[in-house]
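Novice: Here's a structure for you.
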Amino acid sequence: MNSPQDSAQTNSAQPNTEHLETSDHGDTVRVETFYVSEKKLGHWTEARRIEVRARRASLHLDLRSHRIPEGEIVVHLDAERSTVKLLVPDGAVVDERELELPDRSKVKDIERHVPGSGRRIRLTGRLQHSEIRISRGGMANLSTMFSREFVEEARRAHRDGDHPALPDPSLPGPRPKDIV
């Protein structure tokens with residue numbers, strides 16, 4: 001028969017499939033995703049330093065918000081068998097020189113060699129069998145609009161008589177009320 005000790009050991013041996021942690025430490029935000037698909041869209045942070053830990057996960061990070069202060073954004077990555085998609089503003093310069101890419105890890109950026117004069121985003125850390133995808137402009141907007149979060153934001157904005165901020169949070173204009 002199974003004793004309470006046996007069931008406790010069995011449960012602790014199974015992987016954590018629902019773990020997501022976001023913590024804000026001053027000017028640094030920590031995002032941890034394990035075995036899930038997570039999207040951080042719109043005005044989800046005001047920090048310029050983001051620490052990401054991902055294990056067998058899919059993570060979308062929107063870095064287009066006008067609430068992120070001017071200056072360089074540093075994204076420190078520790079990813080294993082994961083996909084991290086960064087939604088960045090048009091003209092942003094993504095610097096990946098400090099990112100370790102062993103094994104089959106890669107950074108996919110169509111505008112990698114196009115000179116940009118916008119915000120600088122520096123990627124640091126290590127990827128293991130993972131990839132980073134960079135989306136700008138219209139592709140970033142489409143990626144956001146085809147999400148459950150956008151539908152919820154559009155419904156909230158309609159209900160409150162406001163405009164949704166998710167398609168492109170960097171645009172000037174009416175902003176949704178802060179949700180507490």
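The values are calculated or read from the model by the stated rules, or taken from the named source; none is laboratory data. Remember, predicted model here, so these are calculated numbers, not experimental data. Neighbour counts are summed over all protein chains in view; Cβ atoms, including those assigned to glycine, are modelled from backbone coordinates with ideal geometry. Side chains are part of the model used for accessible areas, which takes the heavy atoms of the whole protein and leaves out ligands, DNA and RNA. Shrake-Rupley method; radii C 1.70, N 1.55, O 1.52, S 1.80 Å.
Novice: So in segment 41-62, with the set limited to residues that are among the aliphatic types (A, V, I, L, M) and farther than 20 Å from Arg126 by Cβ, which one is most open to solvent (accessible area, probe 1.4 Å)?
Specialist: Per the criteria, the residue is Leu41.
Novice: Another one. Residues of segment 106-123 being of a type in the set (Lys, Arg), open to solvent by 90 Å² or more (accessible area, probe 1.4 Å) and modelled with pLDDT of 85 or more, which ones?
Specialist: Correct list: Lys106, Lys108.
Novice: Could you count how many residues in segment 100-114 are of a type outside the set (Val, Ile, Thr) and within 18 Å of Leu87 (Cα to Cα)?
Specialist: Qualifying residue count for the region: 6.
Novice: Also, I was wondering about something else. Output the residue which, of all residues in segment 119-150 that are out of contact with any helix residue (DSSP H, G or I) (no Cβ under 8 Å at 6 or more places or on another chain) and among the small types (Gly, Ala, Ser), is nearest to Asp103 (Cα to Cα).
Specialist: Ser130
Novice: Just give me the residues in segment 125-163 being under 21 Å from Asp90 (Cα atoms) and at pLDDT below 90, in sequence order.
Specialist: Of everything in segment 125-163, those that are under 21 Å from Asp90 (Cα atoms) and at pLDDT below 90 turn out to be Gly137, Gly138, Met139, Ala140, Asn141, Leu142, Ser143, Thr144, Met145, Phe146, Ser147, Phe150.
Novice: I've got another one for you. Out of His76, His129, report the one residue that is farther than 14 Å from Leu41 by Cβ, open to solvent by 40 Å² or more (accessible area, probe 1.4 Å) and touching a Lys or Arg at 6+ places or on another chain (Cβ under 7 Å).
Specialist: Exactly one residue qualifies, and that residue is His129.
Novice: Name the pairs: first residue in segment 94-115 and among the hydroxyl-bearing types (Ser, Thr, Tyr), second residue surrounded by fewer than 16 Cβ atoms within 10 Å (Cβ to Cβ), Cβ to Cβ under 8 Å, at least 6 apart or on different chains?
Specialist: Partner pairs satisfying both residue conditions: Ser105/His129.
Novice: Limited to segment 128-166, what total is found for residues that are free of Cβ contacts under 8 Å to residues at least 24 places away in the same chain and either closer than 12 Å to Leu86 by Cα or not in a helix (DSSP H, G or I) (or both)?
Specialist: Of the residues in segment 128-166, 6 are free of Cβ contacts under 8 Å to residues at least 24 places away in the same chain and either closer than 12 Å to Leu86 by Cα or not in a helix (DSSP H, G or I) (or both).
Novice: Leu86 versus (1) open to solvent by 40 Å² or more (accessible area, probe 1.4 Å); (2) within 15 Å of His43 (Cα to Cα); (3) in a strand (DSSP E or B): which is the lone unmet condition?
Specialist: Unmet for Leu86, out of (1) open to solvent by 40 Å² or more (accessible area, probe 1.4 Å); (2) within 15 Å of His43 (Cα to Cα); (3) in a strand (DSSP E or B): (1).
Novice: Please state which of the following conditions Leu166 fails to meet, knowing it meets all the rest: (1) aliphatic (A, V, I, L, M); (2) modelled with pLDDT of 90 or more; (3) within 16 Å of the chain's Cα centre (by Cα).
Specialist: Tallying (1) aliphatic (A, V, I, L, M); (2) modelled with pLDDT of 90 or more; (3) within 16 Å of the chain's Cα centre (by Cα), Leu166 fails exactly one: (2).
Novice: Still on this structure: Pairs only if they're at least six apart or on different chains, beta carbon under 7 angstrom, first in segment 34-49 and at pLDDT 95 or above, second among the polar types (S, T, N, Q) and assigned to a loop (DSSP other than H, G, I, E, B); list them, first residue then second.
Specialist: Filtered contacts from segment 34-49: Phe34/Asn16; Tyr35/Asn16; Tyr35/Thr17; Val36/Thr17.
Novice: Would you call Leu99 at pLDDT 95 or above, part of a strand (DSSP E or B) and open to solvent by less than 10 Å² (accessible area, probe 1.4 Å)?
Specialist: no
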